[in-house]
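The values are calculated or read from the model by the stated rules, or taken from the named source; none is laboratory data. What you see is a predicted model, and the numbers here were worked out from it, not measured in a lab. Here Cβ is always computed from backbone atoms with ideal geometry, including for glycine, and neighbour counts include all displayed protein chains. Side chains included, ligands, DNA and RNA excluded: accessible areas come from the protein's heavy atoms. Shrake-Rupley method; radii C 1.70, N 1.55, O 1.52, S 1.80 Å.
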6 protein chains.
Amino acid sequence: MKTPISRYPVPELKDVPEDLRNRMLAVQEKAGFIPNVFLVLAHRPDEFRAFFAYHDALMEKESGLTKAEREMIVVATSSANQCQYCVVAHGAILRVRAKNPLIADQVAANYRKADITPRQRAMLDFAMKASQQAEEVDDGDFEKLRAHGFSDEDAWDIAAVSAFFAMSNRLANFTGMRPNDEFYALGRAAPERK
Amino acid sequence: MKTPISRYPVPELKDVPEDLRNRMLAVQEKAGFIPNVFLVLAHRPDEFRAFFAYHDALMEKESGLTKAEREMIVVATSSANQCQYCVVAHGAILRVRAKNPLIADQVAANYRKADITPRQRAMLDFAMKASQQAEEVDDGDFEKLRAHGFSDEDAWDIAAVSAFFAMSNRLANFTGMRPNDEFYALGRAAPERK
Amino acid sequence: MKTPISRYPVPELKDVPEDLRNRMLAVQEKAGFIPNVFLVLAHRPDEFRAFFAYHDALMEKESGLTKAEREMIVVATSSANQCQYCVVAHGAILRVRAKNPLIADQVAANYRKADITPRQRAMLDFAMKASQQAEEVDDGDFEKLRAHGFSDEDAWDIAAVSAFFAMSNRLANFTGMRPNDEFYALGRAAPERK
Amino acid sequence: MKTPISRYPVPELKDVPEDLRNRMLAVQEKAGFIPNVFLVLAHRPDEFRAFFAYHDALMEKESGLTKAEREMIVVATSSANQCQYCVVAHGAILRVRAKNPLIADQVAANYRKADITPRQRAMLDFAMKASQQAEEVDDGDFEKLRAHGFSDEDAWDIAAVSAFFAMSNRLANFTGMRPNDEFYALGRAAPERK
Amino acid sequence: MKTPISRYPVPELKDVPEDLRNRMLAVQEKAGFIPNVFLVLAHRPDEFRAFFAYHDALMEKESGLTKAEREMIVVATSSANQCQYCVVAHGAILRVRAKNPLIADQVAANYRKADITPRQRAMLDFAMKASQQAEEVDDGDFEKLRAHGFSDEDAWDIAAVSAFFAMSNRLANFTGMRPNDEFYALGRAAPERK
Amino acid sequence: MKTPISRYPVPELKDVPEDLRNRMLAVQEKAGFIPNVFLVLAHRPDEFRAFFAYHDALMEKESGLTKAEREMIVVATSSANQCQYCVVAHGAILRVRAKNPLIADQVAANYRKADITPRQRAMLDFAMKASQQAEEVDDGDFEKLRAHGFSDEDAWDIAAVSAFFAMSNRLANFTGMRPNDEFYALGRAAPERK
């Protein structure tokens, strides 16, 4: 019953262009496995390159948002879009980055009930509007963010992460991208209290 | 930032009617902790009694559905209703009953992509229709179930579980019922292969 | 063209467990007929018992809401869920309890236009949110109720009735439960003015 | 608590243009009262004239649909649009025309469960699609009607009644048009069997 | 691949009742062509007459709204209803009446981003609510209009235009009414600045 | 009343990194003006680079879809997302590429009524599902494409364009990206017949 990792052919690592292979090996070294998104998108090297360049430009940059907060946006919006890959994979990353084994499942199920700060709640409200009703985003939404100390550049970061994963969710859904089994258990242990 | 387990007063075990307390202690003995749904509903003993009588009549009965399958229905429909308590708590029970550490997150994120049989897919399609568009359920839906070997009594079981959790999801959402921290990690270890 | 009262077998009164039969005979004595919900659910005695225990715990209890107000909640939310049985049967009960031959049709068609008090309007707004978007219920909703003099226990009553009928509506819809012909005309005569 | 019959000024019969008054008096003579739609729209005589000319062109014409069937369309689509005036007033007319005291409440609550013929069901499915998703009406919808013996002219009648009441429902909703109390009880008595 | 102008027979001008033909010839003289809505509705002369009588009663009357503003309402609501005929034909009329070659495409794509005044924005918000959720129109909506200087009679004009095109959009969609090719280019040239 | 081209600061051409400037000048030379999407995204050079790399990887590549067909996908999905920038700008490009002055407005208003081939209709149905309900895309959708001669690689192209513009639409909406006035009139003249 186990579904394949993609509806499309998945290239072998040896057949992949060198720059893609190097990126994949680097991730493997760090994480212990190659997340399937790399293998699935390697079917289209040019799109692979653009996808990860975009990803890094948003997720690795300096920002008024922590990396964990950006992962919260990914998990909340991907859950609304029913993207299994992104909820599972980025849920794992969120647990790791936030050092919180509960947060990903809370945000995925109903972010309004998660153990987050009011500022993070405002961040997710904005991210969800950008994800689900971007056509109605207006000045009032930016005001609400400012009331929580977000700059307009932070607002761009929030909405751009939301928009990028609007794309990613659709890619994962039409390719039938399967999350690696490893993601499910990652970051589940409570961090040690000192 | 941690939210309380209920928007309403939560009685102490000693102040709870004896039949409720006995049930709660029995669960505690078996599970190691008292799931918050017991504590939250104990605020209203009559409703507590009816709720669990109904729950048991559906979830503990003999059925053409396994207990794990019934939990799949709970997780899929509760996710559609954004019920954090039910997704987290019944996700744990599903992992345990199915002896599958991946299944709950798969079903919660997008049941159409889960590692399930075509028969289980048909079961969840019916459960979701009963949950989200019951007004359109018709003969054609029963035909589809029969094509997968479900009897009409099985159909009742599927739809009744879906309907009962349509109620539970709303109870959990308006009371702000918080899942116990213990649920998140339950059943996450892969079962040993023999 | 007349549809049957259930998609499932309907037991004869003589074949029904005694406690069920007694309840049904008591209702018949009072109302003059046995509402079909009793006959349909008698196919599953355990579920019948739990269903009516729950029903009574909510609809017969002491409450800050009158019985007529609780029926308003049933009619408004059941209409949103397109549950023919509940709209027709509880519409009749609402007319009788409110001594108002117009109120049920008004509430079913568009509760925002019914001849109700602002307090009842607030009650129905909350009930509808609990019925249709329970995942978004938050502190602000409770504040609005308090502004109309509802306690938090009243809020529970409102939302719990709404949640119970979220279940009932789905049961009625998948079983194809047919309202008794008697309900349609009940309570239609204007009460005598003294 | 009784709401007024319109949010707008309602002219006195003596102040209304003669052609409008004559129409209103004719209806009064036949029905025993003047339905509020006449009084509310009399605030705008030109719109009144066009409205009823259109109404009569659709509802009084020769057609492959009976008058009762056309009223079914009105009730089903007006219920979907939550138009209290049209559900109550045309529900009464439907009961009278169909000589059936149950049909209006059945169709309003969930037309899929009403005591109607398969042909009438197909008629209402088409009417509802024209009412709620006209942008998706296509050849396949016409085929389904033909399979039940409807001509393409009948299809026009169905969709045009649906479209006209899409307008009427909105007029009634923004003017706050109140149904006359008389409508609620009309046609409720079972017709005598001979 | 070119679709016909109607799913129904289109009469020749010579076979059309004289009053219809006269109206059509008058439009042709003014516009240079006969808009297809006249040809399509001429299949049903009585409905043609009522339709245009209603149209003129709303679109040609004295009003607190300019004719261009009324066309804005048509374009915004018809776009929400995906009515190709009305968006294209009334988009052309809007460009001409507003002497603005950009406005129609802006309003059709997302009226919230169009180059319009705050007063016009309030007008379109109300028109859209009357078009899409008329059942929720209430006093608060009228207040918002008054804050922009609209009288309650203006509110009627806005909502009645919206309601009339709720009907027209459905007529155009089920008949498969095709916009004349001439409409697309009308009013596209920037007006001369003096 | 004219809205600015972005809610964010727009850099001057001289202040933009050289590779961005070169791209913008190249477009200007070809089109006669710099489309605002370049100016708006230049506020974030890294995102600019990734965005256009992705765009080119999808829109400039060899494909079983013509460039005009890819623009159809952009216009249809962007209209569903109410993205004014993309509907107007890519509508212009579609008219030019298809040498058809009517096609863009047809597709934007209701692609089901556009003058397109059955194959293109299937393409747009798939693109719209990937845009609006990607979570439900399944084998059946790929079958429908194959029936029209599309390969699975074509399916990727369709869905990936749809996904990329799901992102672009959100970027344009939250930045308030304004289409250049030049786009509205582009490609409106009918191509000469030889």
At 7 angstrom along the Cα-to-beta-carbon line, where would the label on B:Gly64 sit relative to the other copies? Give the distances in nm, shortest first.
4.0, 4.0, 4.7, 5.8, 6.4
How big is segment E:102-156 along each principal axis, measuring the range of its Cα positions in Å and listing the largest first?
33, 24, 15
With all distinct Cα pairs included, what does the Kirkwood hydrodynamic radius of segment C:151-194 come out to in Å, to one decimal, could you say?
13.5
Please compute the contact order of segment E:1-131 in relative form: average sequence separation of alpha-carbon pairs under 8 Å and at least six residues apart, divided by the residue count, as a percent.
17
Copy-to-copy spacing for A:Arg121, label 7 Å out on the Cα-to-C-beta vector, in nm, shortest first?
2.7, 2.7, 4.0, 4.7, 4.9
Per residue of E:95-107, other chain Cβ atoms within 10 Å number on average 3
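Can you tell me the alpha carbon radius of gyration of chain F divided by the globular rule-of-thumb value 2.2 N^0.38 Å?
Working: Rg = 16.9 Å, N = 194, 2.2 N^0.38 = 16.3 Å.
Ratio of Rg to 2.2 N^0.38 Å for chain F: 1.04.
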Report, for B:Asp15, each distance to the same residue's label point in the other copies, shortest first and in nm; define the point 7 Å along Cα→Cβ.
5.0, 6.4, 6.4, 6.8, 8.4
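Over all alpha-carbon pairs in segment E:1-115, figure out the percentage whose distance exceeds 23 Å. Don't skip to the end; give the middle numbers.
Values: 2380 of 6555 pairs.
Taking all Cα-Cα pairs of segment E:1-115, the fraction more than 23 Å apart is 36 percent.
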Identity and axial distance of the chain A residue whose Cβ lies nearest the axis relating A to C, Å
A:Gln133, 9
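Quick check on segment D:1-63: take the gyration tensor over C-alpha atoms, sort the square-rooted eigenvalues as a ≥ b ≥ c, and tell me if it's rounded (a/c under 1.5), prolate or oblate.
On the way: a/c = 1.56, a/b = 1.52, b/c = 1.03.
It is prolate, given that a/c is not under 1.5 and a/b is the larger ratio.
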Using a probe radius of 1.4 Å on heavy atoms only, what accessible surface per residue do you get for segment B:1-151? Whole Å² is fine.
40
What does the convex hull of the alpha-carbon atoms of segment D:35-102 project to on average, in nm²?
4.9
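Would you tell me the mean number of C-beta atoms belonging to other protein chains that fall within 10 Å of each C-beta in A:150-156, as a whole number? Show your work: numbers first, answer last.
Numbers: counts 0, 0, 3, 4, 0, 4, 8.
Mean number of neighbouring Cβ atoms from other chains: 3.
Tell me the total accessible area that F and E bury against each other, 1.4 angstrom probe, in square angstrom rounded to 100. Spell out each step's value before the answer.
Working: alone 10790 and 10800 Å², together 19170 Å².
Chains F and E together bury approximately 2400 Å².
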√(5λ) per eigenvalue of the Cα gyration tensor, segment C:57-151, largest first, Å
21, 15, 13
Please compute the average number of Cβ atoms from other chains found within 10 Å of each residue's Cβ in peptide C:174-186.
4
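Return the ratio Rg/(2.2 N^0.38 Å) for segment E:95-194, where Rg is computed over Cα atoms only.
Numbers: Rg = 15.7 Å, N = 100, 2.2 N^0.38 = 12.7 Å.
So segment E:95-194 has a normalised radius of gyration of 1.24.
Quick one: with all protein chains in place, what share of the accessible area of the protein assembly as shown is carbon or sulfur, to the nearest percent (1.4 Å probe)? Can you show the working numbers first?
On the way: 23290 of 45290 Å².
Accessible surface attributable to carbon and sulfur in the protein assembly as shown totals 51 percent.
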How tilted is helix B:18-31 with respect to the longest principal axis of chain B? Cα atoms for both, answer in degrees (0 to 90, nearest 10).
70
For the protein assembly as shown, the Cα-Cα pair-distance distribution in 20 Å bins from 0, as whole percents, is 11, 39, 38, 12, 0
